[in-house]
Amino acid sequence: MSSVADRLDIADLVARYAHYVDRRDWLALAELFTADAELLQPDPPRSLEPARSLVGRDAILVAMHALDDIPVTQHAVLGTVIDFGGPDTATGWVTGQANHVTSDADKHRNLVWYLHYQDEYRHTPNGWRIARRAVHIDWIETRPVRLHRGTATD
């Protein structure tokens with residue numbers, strides 16, 4: 001059985017993941033995962049489905065640091081479906097969009113991933129945490145960007 005508070009806590013967990021990634025707050029991001037969490041990532045363009053497994057907070061954070069080379073990201077949570085399996089477990093299907101803005105000389109572009117996460121959550125003494133997250137890219141597109149945070153405005 002789940003409560004409205006549990007649903008709100010998990011929705012907040014999902015939103016904080018996007019926020020912490022975009023702000024590069026790696027320590028806060030690590031706390032969103034259980035100590036033994038698994039993150040399954042795709043390897044685009046070779047694979048849009050999960051292709052590599054990272055286990056444990058340290059391994060997950062090493063992989064997330066790949067974003068340090070991208071000046072601006074913006075992750076949008078478009079929808080979340082949560083199903084409870086018991087008092088301390090739940091699964092989630094989260095649809096989203098991940099924007100990755102890069103620059104070469106005067107050319108700026110946004111590599112957009114339309115994706116969904118298949119999540120498993122576990123309730124811990126510190127609240128709901130991500131126990132497993134599988135990232136699936138549904139499609140990728142590239143868009144031109146006129147200006148982005150960190151570029152000159154004059």
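The values are calculated or read from the model by the stated rules, or taken from the named source; none is laboratory data. Remember, predicted model here, so these are calculated numbers, not experimental data. Note: ideal-geometry Cβ built from the backbone for every residue, glycine included; neighbour counts use all protein chains shown.
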## Note on the structure
Selection over region 85-122 where residues are of a type in the set (Phe, Trp, Tyr), surrounded by fewer than 17 Cβ atoms within 10 Å (Cβ to Cβ) and under 20 Å from PHE33 (Cα atoms) yields a count of 1
## Note on the structure
All conditions in (1) at pLDDT below 95; (2) touching a strand residue (DSSP E or B) at 6+ places or on another chain (Cβ under 8 Å) are true of VAL135 except (1)
### Task
Considering only residues that are out of contact with any Leu (no Cβ under 9 Å at 6 or more places or on another chain) and among the β-branched types (Val, Ile, Thr), look in region 60-84 and name the one that is farthest from GLU38 (Cα to Cα).
VAL72
### Summary
If we ask which residues in region 63-82 are at pLDDT 95 or above, surrounded by fewer than 18 Cβ atoms within 10 Å (Cβ to Cβ) and of a type in the set (A, V, I, L, M, F, W, C), their number turns out to be 4
### Message
I need the full set of residues from region 35-76 which are free of Cβ contacts under 8 Å to residues at least 24 places away in the same chain, under 18 Å from TRP113 (Cα atoms) and among the polar types (S, T, N, Q), in order please.
### Response
SER47
### Summary
Here the residues within region 104-150 that are among the hydroxyl-bearing types (Ser, Thr, Tyr) and either under 19 Å from ALA18 (Cα atoms) or out of contact with any Ser or Thr (no Cβ under 7 Å at 6 or more places or on another chain) (or both) are TYR114, TYR117, TYR121, THR142
### Task
Filter region 1-36 down to residues that are small (Gly, Ala, Ser) and part of a loop (DSSP other than H, G, I, E, B) and give me whichever is modelled with the highest pLDDT.
SER3
### Message
Can you pull out every residue in region 1-27 that is surrounded by 13 or more Cβ atoms within 10 Å (Cβ to Cβ), of a type in the set (A, V, I, L, M, F, W, C) and either touching a residue at least 60 places away in the same chain (Cβ under 8 Å) or out of contact with any strand residue (DSSP E or B) (no Cβ under 6 Å at 6 or more places or on another chain) (or both)?
### Response
ILE10, ALA11, LEU13, VAL14, ALA15, ALA18, TRP26
### Query
When you scan region 37-149 for strands (runs of 3 or more DSSP E) that lie fully inside it, which ones turn up with 2 or more residues that are closer than 17 Å to ASP12 by Cβ?
72-86, 89-104, 107-124, 127-145
